[in-house]
Structures are given as C-alpha cells and as structure tokens.
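Values in this text are rule-based calculations from the coordinates and carry no lab data. In this text, all values refer to a predicted model and were calculated from it rather than measured experimentally.
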Amino acid sequence: MRVLIVDDQPRVRQALRTLLEQEEIIVAGEAGGAEEAQDHLRQCCPDVVLLDWGLHGAPASSLLAHLRHSYPHVRVVVLSGQPGVEQDALAAGADAFVSKADPPERLLEALRPEQP
C-alpha cells in the first residue's frame with residue numbers, strides 16, 4: 001500500500017510517517033497543502049491519501065472533490081482534531097474518518113480497504 005500524507009503540520013506528517021513505516025506501509029509522499037498534494041498525486045500514484053480536514057489555505061473539501069473526480073480509485077482517509085466534522089468529511093466523499101485523538105490502531109484499520 002502506498003500512502004500520500006497531506007497535513008500542514010510537519011510534526012504531524014513526521015509522526016504519521018514513522019507510524020506507517022513501522023507497519024511496513026510505503027509513504028509515497030508528503031504534502032503540506034492542497035496544491036502540493038495535487039502535484040504529488042500525479043507523481044507518486046498513491047493507493048490511499050491521508051488527508052487532514054483542517055488544512056490551511058484551500059479547504060480540504062475542495063481537494064477531496066478533486067480526488068473523487070480525478071482519482072476515483074484512490075481511497076481517502078480524513079484525519080481531524082476538530083470535534084463534529086466526521087459527518088461533513090464522509091458526506092464530502094471520504095472513505096473513512098479518524099480523529100487525531102484516536103489510538104494509532106484505529107488509523108491503521110481505516111487505511112486498509114474493507115473486505116467484502
């Protein structure tokens with residue numbers, strides 16, 4: 001599995017990278033914002049985008065709409081530290097939602113595609 005991490009906080013990106021690499025998940029790239037994420041999407045062809053819902057600049061919902069339109073096969077897992085945004089993220093097209101307060105195991109579960 002190849003994951004693109006999109007979060008505007010470098011420390012969060014590093015923590016996520018460390019967690020994923022410990023689980024032998026390939027971090028295909030990191031982006032600090034929506035524009036940078038779009039560049040990485042074309043270059044690294046991720047299976048999953050781990051998207052911070054609270055991105056500064058362009059709203060994450062705009063990037064999510066772009067992902068759904070241009071990369072419908074890519075799984076999108078939204079992360080947020082804000083309470084009450086789960087329904088908004090799922091309604092906007094996210095495949096899964098994880099709170100930044102959840103244990104790491106919850107994130108790892110959300111990254112894996114659901115089995116039929």
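Our helix-only sum for the chain, with -39,500 (n - 2.57) per DSSP H run of n ≥ 4 divided by its residues, gives a mean residue ellipticity at 222 nm of -12500 deg cm²/dmol. Inter-part distance, region 1-74 to region 80-116, computed on C-alpha centroids, equals 14 Å. Of the candidates 42, 68, 17, which one comes out as most mobile in a Gaussian network treatment of the chain with C-alpha springs shorter than 10 Å? Highest fluctuation of the listed residues: 42.
Per-residue Karplus couplings for region 89-96, computed as 6.51 cos²θ - 1.76 cosθ + 1.60 with θ equal to phi - 60°, are listed in order as 5, 5, 5, 7, x, 5, 7, 7 Hz, Gly and Pro entered as x. Largest GNM mean-square fluctuation among 95, 47, 39, using the chain with Cα springs under 10 Å: 39. Within the chain, the proportion of Cα pairs with more than 19 Å between them is 37 percent. Restricted to Cα atoms, region 24-81 shows a radius of gyration and a Dmax of 10.6, 32 angstrom.
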